[in-house]
1. Does R41 fit the bill of being of a type outside the set (S, T, N, Q), in contact with a helix residue (DSSP H, G or I) (Cβ under 9 Å, 6 or more places away or on another chain) and either at pLDDT 95 or above or at negative phi (or both)?
2. May I ask you to say which residue of A327, A313, A298 is of a type in the set (A, V, I, L, M, F, W, C), touching a Gly at 6+ places or on another chain (Cβ under 9 Å) and touching a residue at least 40 places away in the same chain (Cβ under 8 Å)?
3. Output the number of residues of the stretch 38-55 satisfying the condition of being farther than 14 Å from D102 by Cα, open to solvent by less than 80 Å² (accessible area, probe 1.4 Å) and either of a type in the set (D, E) or part of a helix (DSSP H, G or I) (or both).
4. Could you tell me which residue of the stretch 100-128 is least open to solvent (accessible area, probe 1.4 Å), considering only residues that are free of Cβ contacts under 8 Å to residues at least 24 places away in the same chain and not in a helix (DSSP H, G or I)?
5. I'm trying to understand the selection: among the residues of the stretch 190-219, which are open to solvent by less than 40 Å² (accessible area, probe 1.4 Å), part of a strand (DSSP E or B) and either without any contact (Cβ under 8 Å) to a residue 40 or more places away in the chain or under 25 Å from R118 (Cβ atoms) (or both)?
6. Would you confirm whether or not the stretch 153-161 contains a residue that is loosely packed, with under 14 Cβ neighbours inside 10 Å, more than 25 Å from A327 (Cβ to Cβ) and modelled with pLDDT under 90?
7. If I go through the stretch 163-185 residue by residue, how many of them are among the aliphatic types (A, V, I, L, M) and part of a helix (DSSP H, G or I)?
8. Of the residues that sit in the stretch 309-350 and are among the aliphatic types (A, V, I, L, M) and either at positive phi or open to solvent by 10 Å² or more (accessible area, probe 1.4 Å) (or both), which one is farthest from the chain's Cα centre (by Cα)?
Amino acid sequence: MRDVAIVAFAQSAHRRRTDELSEVDLLMPVLHEVLGATGLRANEIGFTCSGSADYLAGRAFSFTMALDGVGAHPPISESHVEMDGAWALYEAWVKIRTGEADTALVYSYGKSSPGRVRDVLTRQLDPYYLAPLWPDSVALAALQARALIDAGDTDEGALAEVAARNRTAATGNPHAQLTGDVPPGDHLVHPLRTGDCPPIGDGAAAVVLAAGDTARALCARPAWIRGIDHRIEAHSLGVRDLTDSPSTRLAAERAGAFDRPVDTAELHAPFTSQEVVLRKALGLGDEVRVNPSGGALAANPIMAAGLIRLGEAAARIHRGESDRALAHATSGPCLQQNLVAVLEGESAHA
């Protein structure tokens, strides 16, 4: 098994609407940027993997159209996951670890603007008992927030502080969609206010992975993936404790997150209440800088926001601003599926 690192990361500017752009138009600049950072050409990439959702596009196999932005001829080794791009990164990591490739291009994208995201995401629910009731994503997040408040883990004021901190941090992120002093707003679904919820927007992201000495040749300070794992909760919300995330805790344990302290954490928490759950599950104290990019509360392109958390954590290591970082991605209602990765700079490994 070989060491694997993230050697480059790029993302689009995240916007509320990109009606004038197709998925390929959204992806092309990002792919050019991430490959340009390494000096690699598309035909020099050993494996390509993407993450997206046909439900957002409203048509089957929509991801095949995005391959126009990659270039599928001459024939390439390619795969796709109907998940956030963080899970595509996991597949590419396995491919490199097992020696089937030396480099990998991972990309993901989401155009949420054409439809009503709150309704689209109901298709993730149990199709027999829950989905027919059409509880939308905000209503389910509000259930989780109410459970946290009732348990004494937070209150509306504390949730507003989470939102303010993330969006203040996002002022230094040129790609963020929502930054600065954003008012809490009115209740959208009690107890969540508009300020507790993520912006709806379109965006794309990409990373390049490489093994061993190849990574060192491509990047001055690679972000080595020291551990990565993903776990899933029960599908039925009624059998879960919404104030906790044992799957996140287990994934973090298996990824080695608790072996040594981390200095940075990029958490995929689209709702303020979810950051409360994740901080508790991961044991993150005030000494850890959480979401210096602004997180998903600043930009939440569905199917790309999780990959962006890995990319943002890696970018801080590339710049020397972090030595050991944790990155988290989620999918499904109320933190149903969770992926955790631990990234380190070369000096931290030595």
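1. Working: of a type outside the set (S, T, N, Q): yes; in contact with a helix residue (DSSP H, G or I) (Cβ under 9 Å, 6 or more places away or on another chain): yes; either at pLDDT 95 or above or at negative phi (or both): yes.
In short, yes.
2. Numbers: A313 fails: touching a Gly at 6+ places or on another chain (Cβ under 9 Å); A298 fails: touching a Gly at 6+ places or on another chain (Cβ under 9 Å).
Matching residue, one of A327, A313, A298: A327.
3. The total comes to 1.
4. Of all residues in the stretch 100-128, those free of Cβ contacts under 8 Å to residues at least 24 places away in the same chain come to 116, 118-119, 122, 127-128.
From what is left, the residues that are not in a helix (DSSP H, G or I) are 116, 127-128.
On the way: R116: 128, P127: 83, Y128: 181 Å².
Among them, the one singled out is P127.
5. Once the filter is applied, which keeps residues that are open to solvent by less than 40 Å² (accessible area, probe 1.4 Å), part of a strand (DSSP E or B) and either without any contact (Cβ under 8 Å) to a residue 40 or more places away in the chain or under 25 Å from R118 (Cβ atoms) (or both), the stretch 190-219 yields L192, D202, G203, A204, A205.
6. No, the stretch 153-161 contains no residue that is loosely packed, with under 14 Cβ neighbours inside 10 Å, more than 25 Å from A327 (Cβ to Cβ) and modelled with pLDDT under 90.
7. Within the stretch 163-185, the subset among the aliphatic types (A, V, I, L, M) is 163-164, 169-170, 176, 178, 182.
From what is left, the residues that are part of a helix (DSSP H, G or I) are 163-164, 169-170.
Summing the residues that are among the aliphatic types (A, V, I, L, M) and part of a helix (DSSP H, G or I) in the stretch 163-185 gives 4.
8. A350
The values are calculated or read from the model by the stated rules, or taken from the named source; none is laboratory data. Since the model is a prediction, treat every value here as computed from it, not as a measurement. Cβ: placed from backbone, ideal geometry, glycine included. Neighbour counts: every protein chain shown. Heavy atoms of the whole protein, side chains included, go into the accessibility calculation; ligands, DNA and RNA do not. Shrake-Rupley method; radii C 1.70, N 1.55, O 1.52, S 1.80 Å.
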